[in-house]
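Here the structure comes first, spelled out in structure tokens, and everything after it is commentary.
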Amino acid sequence: MNVAIVASECAPFAKTGGLADVVGALPKYLAPLGITVKVFIPKYDLIDEKKHGLRFMEEVGPMNVRVAGISRSVYLHTSKIPESDVPVYFIDCREYFFRGKIYTDDRDEDERWILFNKAVIETIQRLQWKPDVIHCNDWQTGLMPLLVKDNYIWDRLFDHTSFLYSIHNIGYQGRFSQVTLTKGELRRDLYYPNGPLEFENTVCMMKAGIVFSEVINTVSETYAGEILTDEYGAGMQHILRTREHDLHGVLNGIDTEEWNPETDTYLPFHYSKNDLSGKLQNKKFLLEKTTIPFDGDKPLIGIISRLVSQKGFDLIYNAIQELMSFDAQWVILGSGEEKYERLFKAMSRTLPKKCWAYIGFNNELAHLIEAGADMFVMPSHYEPCGLNQGVARISVA
């Protein structure tokens, strides 16, 4: 079986949350089952090409992908998921993906993902590789089933391709104005009240993924039930109820090899539940990278998260003075809404011996925080799955 996994992020190359961990780990467990897996993500400027051994695929040559009536030059690079033979293909269009971050609020955010979806399809065409399943993840890849079944229906390469659409967070739906129809060369007769592309007077990429995929899944059995309710469905529950028999909950898992504190290659000191001495050494090593002095009598609290309101950072924002009054130290890693990024930057400046924040993605630092922290805090208004809880269970003792 041939499986293409298409997503906006993949660890260790580019990450803001659990999606990257799933996309980086799942292929390593599918491959031993005899499944041929290929992963497709954008090539962001924040990806360290030398560190991850990216190779420019000159043999594929440049592609001209049309978005908003203009042909954009797209190039292809490749690497492999660490400790595997699974190839990762990076869609390179500097105009759209060299912006210092994975997601933006820019006016052309819809164009970025229209191009990505089309470029992945045209990459598969150039590779002349027939996927049995294309696994699309979240709204950024929601247009792909429609594009293959409509815009690219002429290509018999996809005659036997089915689509699995994974919803990692129902709250992010990819909703844009009707201009998106023209930008993506999408059929206007698919846009009408309650039609396959229309949702509350917007073009909704997530809805397209739900409607045009054969199977839909989400990150836990509990969440699969929750997103069918008015409370947690974010307005999408009515559409999901029409596909309820095709909706499945599959619990996200963690890569227990990557996060095993006895063997974790990112840790300078290993430890186990029977010998925790290495954990204290990791704490000291972590704090040496910060402005916070080591104090054996003070707990170190770790946070690794997308800094957004859904994750509960509005609660932290409103209680920050009280939290900082505790006799504890804080290390924060993440990126997200500017309001919360500014908050933790300010705390790092004003309380450098108590709080230190790294705004962005740093996989090595994530491992050090999990291993060095005495406690792990994960605020959240709702949590589809939450991989960090699982990692914390084996890392934070």
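Remark: pairs (first residue in the stretch 263-282, outside any helix (DSSP H, G or I); second residue among the aliphatic types (A, V, I, L, M) and modelled with pLDDT under 90; Cβ separation under 6 Å; 6+ apart in sequence or on different chains) = Leu276/Ala397. Residues in the stretch 231-265 that are closer than 24 Å to Lys289 by Cβ and over 21 Å from the mean Cα position of the chain (by Cα): Asn260, Pro261, Glu262, Thr263, Asp264, Thr265. The residues in the stretch 190-242 that are among the polar types (S, T, N, Q) and within 20 Å of Phe116 (Cβ to Cβ) can be counted, and the count is 2. Among the residues of the stretch 215-235, is there at least one that is under 30 Å from Gln281 (Cα atoms) and of a type outside the set (Asp, Glu)? Scanning the stretch 215-235 turns up no residue that is under 30 Å from Gln281 (Cα atoms) and of a type outside the set (Asp, Glu).
Where helices (runs of 4 or more DSSP H) sit wholly within the stretch 149-254, those with at least 1 residues that are in the same structural domain as Glu111 (by TED's automatic domain parsing), modelled with pLDDT under 95 and in contact with a Pro (Cβ under 8 Å, 6 or more places away or on another chain) occupy 221-226. Residues that are in contact (Cβ under 8 Å) with a residue 60 or more places away in the chain and over 25 Å from the mean Cα position of the chain (by Cα) within the stretch 294-346 comprise Pro299, Leu300, listed in sequence order.
This table checks each residue for (1) hydrophobic (A, V, I, L, M, F, W, C); (2) closer than 17 Å to Gly249 by Cα.
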{"site": "Thr180", "(1), (2)": "no, no"}
{"site": "Arg187", "(1), (2)": "no, no"}
{"site": "Tyr192", "(1), (2)": "no, no"}
{"site": "Glu200", "(1), (2)": "no, no"}
{"site": "Lys207", "(1), (2)": "no, no"}
{"site": "Val211", "(1), (2)": "yes, no"}
{"site": "Val215", "(1), (2)": "yes, yes"}
{"site": "Gly225", "(1), (2)": "no, yes"}
{"site": "Tyr232", "(1), (2)": "no, yes"}
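Within the stretch 146-158, is even one residue touching a residue at least 24 places away in the same chain (Cβ under 8 Å), more than 27 Å from Asp106 (Cα to Cα) and hydroxyl-bearing (Ser, Thr, Tyr)? Checked against the condition, which is being touching a residue at least 24 places away in the same chain (Cβ under 8 Å), more than 27 Å from Asp106 (Cα to Cα) and hydroxyl-bearing (Ser, Thr, Tyr), the stretch 146-158 yields at least one hit. Here the condition is being modelled with pLDDT of 90 or more, surrounded by fewer than 18 Cβ atoms within 10 Å (Cβ to Cβ), touching a Ser or Thr at 6+ places or on another chain (Cβ under 9 Å) and within 29 Å of Asp264 (Cα to Cα); of Lys339, Lys279, Lys298, Lys353, it holds for Lys353 alone.
Looking only at the stretch 20-52, which residues are assigned to a loop (DSSP other than H, G, I, E, B), surrounded by 12 or more Cβ atoms within 10 Å (Cβ to Cβ) and over 17 Å from the mean Cα position of the chain (by Cα)? Within the stretch 20-52, Ile35 is the sole residue that qualifies. When each of Thr16, Thr78 is tested for being modelled with pLDDT under 95 and either among the β-branched types (Val, Ile, Thr) or closer than 19 Å to Leu164 by Cβ (or both), the lone residue that passes is Thr16. With respect to (1) closer than 27 Å to Tyr103 by Cα; (2) part of a loop (DSSP other than H, G, I, E, B), the lone exception for Ile303 is condition (2).
Out of Leu315, Leu286, I need the residue that is more than 30 Å from Ala208 (Cβ to Cβ), modelled with pLDDT under 95 and assigned to a helix (DSSP H, G or I). Which one? Spell out how you get there, then give the answer.
Numbers: Leu286 fails: modelled with pLDDT under 95.
Leu315 is the lone residue from the list that is more than 30 Å from Ala208 (Cβ to Cβ), modelled with pLDDT under 95 and assigned to a helix (DSSP H, G or I).
Touching an Asp or Glu at 6+ places or on another chain (Cβ under 9 Å) and assigned by TED's automatic domain parsing to the domain that holds Glu83: which single residue out of Pro27, Pro42 fits that description? None of the other options fit; the residue is Pro42.
The single condition among (1) part of a loop (DSSP other than H, G, I, E, B); (2) modelled with pLDDT of 95 or more; (3) buried (at least 16 other Cβ atoms within 10 Å of the Cβ) that Glu383 does not satisfy is (2).
Looking only at residues in the stretch 125-146 that are assigned to a helix (DSSP H, G or I) and within 22 Å of the chain's Cα centre (by Cα), which one is nearest to Met206 (Cα to Cα)? Filtering the stretch 125-146 for residues that are assigned to a helix (DSSP H, G or I) and within 22 Å of the chain's Cα centre (by Cα), the one nearest to Met206 (Cα to Cα) comes out as Trp139. Could you go through the stretch 322-336 and let me know if any residue there is under 29 Å from Gly100 (Cα atoms) and not assigned by TED's automatic domain parsing to the domain that holds Val391. Within the stretch 322-336, not a single residue is under 29 Å from Gly100 (Cα atoms) and not assigned by TED's automatic domain parsing to the domain that holds Val391. Restricting attention to the stretch 62-101, the residues that are in a loop (DSSP other than H, G, I, E, B), touching a residue at least 24 places away in the same chain (Cβ under 8 Å) and closer than 20 Å to Trp129 by Cβ total 4.
The values are calculated or read from the model by the stated rules, or taken from the named source; none is laboratory data. Computed from a prediction, not measured in an experiment: that's the story for all the values here. Neighbour counts are summed over all protein chains in view; Cβ atoms, including those assigned to glycine, are modelled from backbone coordinates with ideal geometry.
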